[in-house]
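Asks: Handing you this structure, nothing more for now.
The values are calculated or read from the model by the stated rules, or taken from the named source; none is laboratory data. Every value quoted in this text rests on a predicted model; they were computed, and no experiment measured them. Note: ideal-geometry Cβ built from the backbone for every residue, glycine included; neighbour counts use all protein chains shown.
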């Protein structure tokens, strides 16, 4: 399912905040993203109407099953791409910012290839730099 990049960002942010604080309200999302409360309120209404987010009577947000599926996919891309860029020598802040942009436009094929490459690098035997070949 393809949704707008801004919706993906909101869903990912709710997921991250739930992992950090367990309970999430719209104001938490607004603070995390540095967005206005009215903007986040409109976005949450749209996400609720489209079945991605639920809000209880106290204003706490939870992701629906389809909202969670999208949030987890976007967050996985973000974490892997950010770590990959850092491994290539990019500083953490830049890697995270670039990963945030890339995660929304990268094809499933390219992301799968990067994931395979990272997994191969993680499982490859590491050479001991102090051991010289003679």
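Asks: How about the stretch 25-60: which of its residues are assigned to a loop (DSSP other than H, G, I, E, B) and touching a strand residue (DSSP E or B) at 6+ places or on another chain (Cβ under 6 Å)?
Replies: Correct list: 59 only.
Asks: Right, here's the next one. Which ones in the stretch 61-110 are outside the structural domain of residue 51 (by TED's automatic domain parsing) and assigned to a loop (DSSP other than H, G, I, E, B)?
Replies: Listed by number, the residues that qualify are 88, 89, 90, 91, 103, 104, 105, 106, 107.
Asks: Between a residue in the stretch 26-54 that is touching a residue at least 60 places away in the same chain (Cβ under 8 Å) and any residue that is part of a helix (DSSP H, G or I), which pairs come within a Cβ distance under 7 Å, given they are 6 or more apart or on different chains?
Replies: Close Cβ pairs (under 7 Å, with a partner that is part of a helix (DSSP H, G or I)) do not exist here.
Asks: Identify, please: which residue in the stretch 1-24 is over 12 Å from residue 43 (Cα atoms) and not in a helix (DSSP H, G or I) and is, among those, modelled with the lowest pLDDT?
Replies: Among residues in the stretch 1-24 that are over 12 Å from residue 43 (Cα atoms) and not in a helix (DSSP H, G or I), the one modelled with the lowest pLDDT is 1.
Asks: Further question: Take residue 92 and decide whether it is more than 19 Å from the chain's Cα centre (by Cα) and either surrounded by fewer than 16 Cβ atoms within 10 Å (Cβ to Cβ) or touching a residue at least 12 places away in the same chain (Cβ under 8 Å) (or both).
Replies: When the stated conditions are applied, residue 92 does not pass them.
Asks: Mind checking which residues of the stretch 20-56 are more than 17 Å from residue 3 (Cβ to Cβ), out of contact with any helix residue (DSSP H, G or I) (no Cβ under 8 Å at 6 or more places or on another chain) and surrounded by fewer than 11 Cβ atoms within 10 Å (Cβ to Cβ)?
Replies: Across the stretch 20-56, the qualifying residues are 20, 22, 34, 38, 56.
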